[in-house]
Amino acid sequence: MTRDLVKLAGLGMAALLAAPALAAPVAPPVPNPGNNAWMMTSTLLVLMMILPGLMLFYGGLTRSKNMLSTMTQIGATASLAMLIWVMWGYSLAFGDTTYEGTLGLFVSGGSYFLAGSDASSTAATFTDEVISKYVFISFQMTFAAITASLILGATAERMKFSAVMMFVPIWLTIVYFPIAHMVWAGGGLLFEDGALDFAGGTVVHINAGVSGLVLAFLLGKRRGWPNEPMPPHSLTLTMVGTGLLWVGWFGFNAGSALEADGSAGLAMINTFVATAAGALAWMVVERAAGHKGSALGFCSGVIAGLVAVTPAAGNSGPFGAILLGIISSVICYFFVAKVKAKFGYDDSLDAFGIHGVGGIVGAIGTGVVYQPFLGGPGDGSVALAEQLWVQIFSVLVTIGWATAGTLIAGFAVKATIGLRVHEEDEVNGLDISEHGERAYN
Amino acid sequence: MKFIIAVIKPFKLDEVREALGAIGVAGMTVTEVKGFGRQKGQTEIYRGAEYSTNMLPKVKLEIAASDEVAEQVVETIQQTANTGSIGDGKIFVFDLASATRIRTGESGETAL
């Protein structure tokens, strides 16, 4: 009886609310369920890239005594990034309040703690369509989470868990959110400049790679590196992680179209072929260098191809993407196999060597493959040289910003709680010393 | 009685086992071991970082045999495990003081 009354009251309310809506001259745009469903799927695919994709990819490359530490740092970093994203991250990158003048080039504001958003709120796509705002916020949330996690590849096997937990919030706030705003938000410095970055070549990969390299310098080398052998403890798990990353990357790239449309389809096919080309190219380079084509070479080539096609995903034709995948693998191989040894920086799992370098190749290369003569979707209205300079400028800004911000965040942690584990803890392995567990018993 | 220890290439194990079975050897102990000799080690490469391991995997056979059979065992292993290249392994022969079958308590050659 009581329940019926409530139901009746509810119906009355709905009728009251419906009346003015019918009278309104223009109905607010409603999300197309197909687009919404695809974006929800994409969001989960990106989550799968982190957990367990990146965890296994990185974890397998470490020594067995640091397996849990590597995976736990990634899981905790991603979780922390998600919470910060809904508190102030979304505001700084895509908030409803846009600032006039210089400040607006770097950050936005408002929407703190997602104020003003509810289930009926929508976010614009690249066409007249809209998607649900909560879906957009979730999708972008996973990008912040994976970028912070990628850095940990450069610092693996020696950074304190507490230092990671202190570094990540500072870094996200002063590095990631401003760069995401600059590249992807209307009014952002590089967005207005015309930089092409479909799914995050600058924001995610160059950003994470360069930040990782800087943090690796602040941390110092692992004890015994490079004289003591530190072979990957399980390339099987790295291979599993590689597979999860590749599949998940379709959410990352094709999802960045923000709709289930032709642009997403283009990003999808490019994410297939650039990656396939990168994988094989790396193995060919190994043979050319006089070695055997290796499993780790295959995995590395997959990631090099994926990273390079990220900014180009919807900005290239399939054959331009293949070219990018090949070039990225060749250059990344040169960096991880030759340059790293020559300069002696300990980028443990090659976060810079593959994400940073591949990201730079992709971001600059996107300016070329975008052109119609290579089958790109560009209409040729922006000359190649002009577009290339815009791309290079976006790379330089990202490198400069990431370097400066990481130095600030890194020194802040170093000066307070310290970045590095005690030497004895490092020798015993971070699993047992930082987490009190062992991966394999 | 003799106690024979042979270190051979792992892929030759099945062939050697069959050949020894054919001449009437009733049992042996097999262990996977690592070591080095003239063959030295092998090189592993991960993203350009080369690690040379100076130990190679081998298989160690332990066989107890009567004096008459021992010589034939050595000969069989030598011929079967031979590939003609370095790293084929070695065979060592010791005098065996005693042997006891745990189940029955028999000792000497009847225990083999």
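The figures follow:
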item	result
Residue count for region A:343-359, restricted to those that are of a type in the set (D, E, K, R) and more than 11 Å from every other protein chain (Cβ to nearest Cβ)	1
Hits in region A:194-230 - residues which are within 14 Å of chain B (Cβ to nearest Cβ) and in contact (Cβ under 8 Å) with a residue 12 or more places away in the chain	A:K221, A:R222, A:W225, A:P226, A:M230
Some residue of region A:153-170 being modelled with pLDDT of 95 or more, within 13 Å of the chain's Cα centre (by Cα) and assigned to a helix (DSSP H, G or I)	no
Residue list for region A:272-305, filter: in contact (Cβ under 8 Å) with a residue 60 or more places away in the chain, buried (at least 24 other Cβ atoms within 10 Å of the Cβ) and within 12 Å of chain B (Cβ to nearest Cβ)	A:C299, A:I303
Residue in region B:20-31 that is in a helix (DSSP H, G or I), more than 30 Å from A:P229 (Cβ to Cβ) and within 15 Å of the chain's Cα centre (by Cα) present	yes
Residue satisfying condition, being surrounded by 24 or more Cβ atoms within 10 Å (Cβ to Cβ), in contact with a helix residue (DSSP H, G or I) (Cβ under 6 Å, 6 or more places away or on another chain) and part of a loop (DSSP other than H, G, I, E, B), within set A:A312, A:A254, A:A308, A:A321	A:A312
Test: residue in region B:87-95 that is surrounded by 17 or more Cβ atoms within 10 Å (Cβ to Cβ), touching a helix residue (DSSP H, G or I) at 6+ places or on another chain (Cβ under 7 Å), over 30 Å from A:G344 (Cβ atoms) and small (G, A, S)	no
Matching helices (runs of 4 or more DSSP H) fully within region A:377-441 where at least 1 residues are in contact with a Leu (Cβ under 8 Å, 6 or more places away or on another chain), over 30 Å from A:N315 (Cα atoms) and touching a residue at least 24 places away in the same chain (Cβ under 8 Å)	A:384-416, A:430-435
Residue that is nearest to the other protein chains (Cβ to nearest Cβ), among those in region A:367-376 that are farther than 17 Å from A:V330 by Cβ and assigned to a helix (DSSP H, G or I)	A:G367
Inter-residue pairs, beta-carbon under 8 Å, first more than 8 Å from every other protein chain (Cβ to nearest Cβ) and touching a residue at least 12 places away in the same chain (Cβ under 8 Å) and in region B:36-58, second surrounded by 14 or more Cβ atoms within 10 Å (Cβ to Cβ) and β-branched (V, I, T), 6+ apart	B:G41/B:T53; B:Q42/B:T53; B:K58/B:V7; B:K58/B:I8
Residue check for A:V390: in contact with an Asp or Glu (Cβ under 6 Å, 6 or more places away or on another chain), surrounded by 15 or more Cβ atoms within 10 Å (Cβ to Cβ), more than 14 Å from chain B (Cβ to nearest Cβ) and over 30 Å from A:K160 (Cβ atoms)	yes
Any hit, region A:231-250, residues being part of a helix (DSSP H, G or I), farther than 30 Å from B:I45 by Cβ and within 19 Å of the chain's Cα centre (by Cα)	yes
Residue check, A:G344 surrounded by fewer than 24 Cβ atoms within 10 Å (Cβ to Cβ), small (G, A, S) and at pLDDT below 95	yes
Residue within region A:264-271 that is away from chain B (no Cβ under 14 Å) and under 27 Å from B:Y46 (Cβ atoms) present	yes
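One line per residue, one yes/no per condition, for (1) away from chain B (no Cβ under 14 Å); (2) surrounded by 23 or more Cβ atoms within 10 Å (Cβ to Cβ); (3) within 20 Å of the chain's Cα centre (by Cα):
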{"site": "A:G325", "(1), (2), (3)": "yes, yes, yes"}
{"site": "A:K340", "(1), (2), (3)": "no, no, no"}
{"site": "A:S381", "(1), (2), (3)": "yes, no, no"}
{"site": "A:T403", "(1), (2), (3)": "yes, no, yes"}
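The values are calculated or read from the model by the stated rules, or taken from the named source; none is laboratory data. Every value quoted in this text rests on a predicted model; they were computed, and no experiment measured them. Note: ideal-geometry Cβ built from the backbone for every residue, glycine included; neighbour counts use all protein chains shown.
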